[in-house]
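The values are calculated or read from the model by the stated rules, or taken from the named source; none is laboratory data. Just so it is clear, the model here is predicted, and its values are computed rather than measured. Cβ sites come from the backbone with ideal geometry, for glycine too, and all protein chains shown count toward neighbours. Keep in mind that these areas ignore ligands, DNA and RNA; they rest on the heavy atoms of the full protein, side chains included. Shrake-Rupley method; radii C 1.70, N 1.55, O 1.52, S 1.80 Å.
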Amino acid sequence: MANIVSIVSSKGGTGKTTVALNLAVAIAERGDSVLLIDADPLGAIGFSLAQSDTEWMGLAECLMKKAALEDTIIQTKLPALSILARGRLDPLDVAIYEELLASPAALKEIISALKERYRYIIIDTPSGLGLITRAVLSVSTYALLPLQAEPLAVRAISQTLRVLQHVKEHENPELNLLGILATMVQLNKDVSFNIMNTVWASLDGVLETYIPRADVFHVASEKGVPVAFLSGKYPPEAIRFELLATEIKDIIQGLGGVTGEVDERPQRELI
């Protein structure tokens, strides 16, 4: 049974898609099977991997009954990672796509067909708390909230938490807050430093791991790869996502989820 993690933000510019992509890679690098779903009508995952609007079939074709689900899942060169892209969507058809995807029943049918095949399903949502995001939350077991280290994002986080609480109480009792992930952090800047102090002091569920603001993310986006796949010296930002993957797996285990980790091990001899 998959751990279904939705990446949700009430505002744009928080690094939501960057988190979804690089977290999926970090988990898959450890051997856990991961499906990354792009539920954003913009198709942000595809753009992050330097793919055009017409490159991949995906959710759009499944929802419009133009292709079978099996024909739309992309197996990446990382054996444990697969992608279900947004699909080939004319910008003029976005409204139709949103109507189809906003139906919890339609999304639940797709997730039900996939959840036994993967240990983790990570879903990138559009910015905001509209119908698509609500539909994704209604089929998720966990929500991860990227929080940009700037004042407006801190003021807006209560909106996201309010929606999560409503969905849990009225639509999906299995939904849990996985954590609030600070992104674009610059501790050497007074504003960012002060924001982080505020976040750590006033919000529950803030993860220990945070993602710094760094040019390497722009380089990775330009080349169309996750940060861990860049050539040259292994970037410390990729290590951040490894730490994030570990922290998230520990939280899921603590909440009673199945992560595939072995809880009991036999004694071993070193010499």
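Could you please tell me which pairs satisfy a Cβ distance under 8 Å, a separation of 6+ or placement on different chains, a first residue in the stretch 156-169 that is free of Cβ contacts under 8 Å to residues at least 24 places away in the same chain, and a second residue that is open to solvent by less than 60 Å² (accessible area, probe 1.4 Å)?
Sorted first by the residue in the stretch 156-169, then by its partner, the pairs are Leu161/Leu145; Lys168/Leu175; Lys168/Asn176.
Mind checking which helices (runs of 4 or more DSSP H) fall wholly inside the stretch 152-271 and carry at least 2 residues that are touching a Pro at 6+ places or on another chain (Cβ under 8 Å), within 30 Å of Phe47 (Cβ to Cβ) and not β-branched (Val, Ile, Thr)?
Values: elements: 190-202, 216-223, 236-254.
Output list reads 236-254.
Which of the following residues is basic (Lys, Arg) and at pLDDT 95 or above: Lys77, Lys108, Lys66? First the steps, then the outcome.
Working: Lys108 fails: at pLDDT 95 or above; Lys66 fails: at pLDDT 95 or above.
Answer to the check: Lys77.
In the stretch 187-205, what count of residues is obtained for those that are in contact with a strand residue (DSSP E or B) (Cβ under 7 Å, 6 or more places away or on another chain) and under 19 Å from Gly13 (Cα atoms)? Before you say what the answer is, go through the steps one by one.
Taking the stretch 187-205 first, the residues in contact with a strand residue (DSSP E or B) (Cβ under 7 Å, 6 or more places away or on another chain) are 192, 196, 199-200, 203, 205.
Right, trim to under 19 Å from Gly13 (Cα atoms) and you get 192, 196, 199.
Qualifying residue count for the region: 3.
Being more than 30 Å from Gln186 (Cα to Cα) and either surrounded by fewer than 16 Cβ atoms within 10 Å (Cβ to Cβ) or not small (Gly, Ala, Ser) (or both) is the requirement here; does Arg86 meet it?
Numbers: more than 30 Å from Gln186 (Cα to Cα): yes; either surrounded by fewer than 16 Cβ atoms within 10 Å (Cβ to Cβ) or not small (Gly, Ala, Ser) (or both): yes.
Answer is yes for this residue.
Do we have Leu36 as crowded, with 24+ Cβ neighbours inside 10 Å, touching a strand residue (DSSP E or B) at 6+ places or on another chain (Cβ under 6 Å) and under 16 Å from Pro146 (Cβ atoms) here?
On the way: crowded, with 24+ Cβ neighbours inside 10 Å: yes; touching a strand residue (DSSP E or B) at 6+ places or on another chain (Cβ under 6 Å): yes; under 16 Å from Pro146 (Cβ atoms): yes.
Criteria met by Leu36.
Applying the selection to the stretch 95-106, what residues are out of contact with any helix residue (DSSP H, G or I) (no Cβ under 7 Å at 6 or more places or on another chain) and surrounded by 14 or more Cβ atoms within 10 Å (Cβ to Cβ)? Don't jump to the end; show me each part of the working.
First, pick out the residues of the stretch 95-106 that are out of contact with any helix residue (DSSP H, G or I) (no Cβ under 7 Å at 6 or more places or on another chain): 95-96, 99, 105.
Once the filter is applied, which keeps residues that are out of contact with any helix residue (DSSP H, G or I) (no Cβ under 7 Å at 6 or more places or on another chain) and surrounded by 14 or more Cβ atoms within 10 Å (Cβ to Cβ), the stretch 95-106 yields only Ile96.
From the residues in the stretch 50-71 that are assigned to a loop (DSSP other than H, G, I, E, B) and crowded, with 21+ Cβ neighbours inside 10 Å, which one is farthest from the chain's Cα centre (by Cα)? It would help to see each step written out before you state the result.
Our first condition is that a residue be assigned to a loop (DSSP other than H, G, I, E, B); within the stretch 50-71, this holds for 50-58, 64-68.
Within this subset, residues satisfying the condition of being crowded, with 21+ Cβ neighbours inside 10 Å are 56, 58.
On the way: Trp56: 19, Gly58: 17 Å.
The selected residue is Trp56.
What number goes with the only condition from (1) open to solvent by less than 20 Å² (accessible area, probe 1.4 Å); (2) touching a strand residue (DSSP E or B) at 6+ places or on another chain (Cβ under 7 Å); (3) within 27 Å of Leu243 (Cβ to Cβ) that Ala26 does not pass?
Ala26 satisfies every listed condition except (2).
Does any residue of the stretch 204-214 turn out to be polar (S, T, N, Q), touching a helix residue (DSSP H, G or I) at 6+ places or on another chain (Cβ under 6 Å) and either open to solvent by 20 Å² or more (accessible area, probe 1.4 Å) or touching a residue at least 60 places away in the same chain (Cβ under 8 Å) (or both)?
Pass one, the stretch 204-214, residues polar (S, T, N, Q): 209.
Subset that is touching a helix residue (DSSP H, G or I) at 6+ places or on another chain (Cβ under 6 Å): 209.
Those left that are additionally either open to solvent by 20 Å² or more (accessible area, probe 1.4 Å) or touching a residue at least 60 places away in the same chain (Cβ under 8 Å) (or both): none.
The answer is no, given that none of the residues of the stretch 204-214 is polar (S, T, N, Q), touching a helix residue (DSSP H, G or I) at 6+ places or on another chain (Cβ under 6 Å) and either open to solvent by 20 Å² or more (accessible area, probe 1.4 Å) or touching a residue at least 60 places away in the same chain (Cβ under 8 Å) (or both).
What number of residues within the stretch 107-150 are open to solvent by 30 Å² or more (accessible area, probe 1.4 Å), more than 14 Å from Asn172 (Cα to Cα) and in a helix (DSSP H, G or I)?
4
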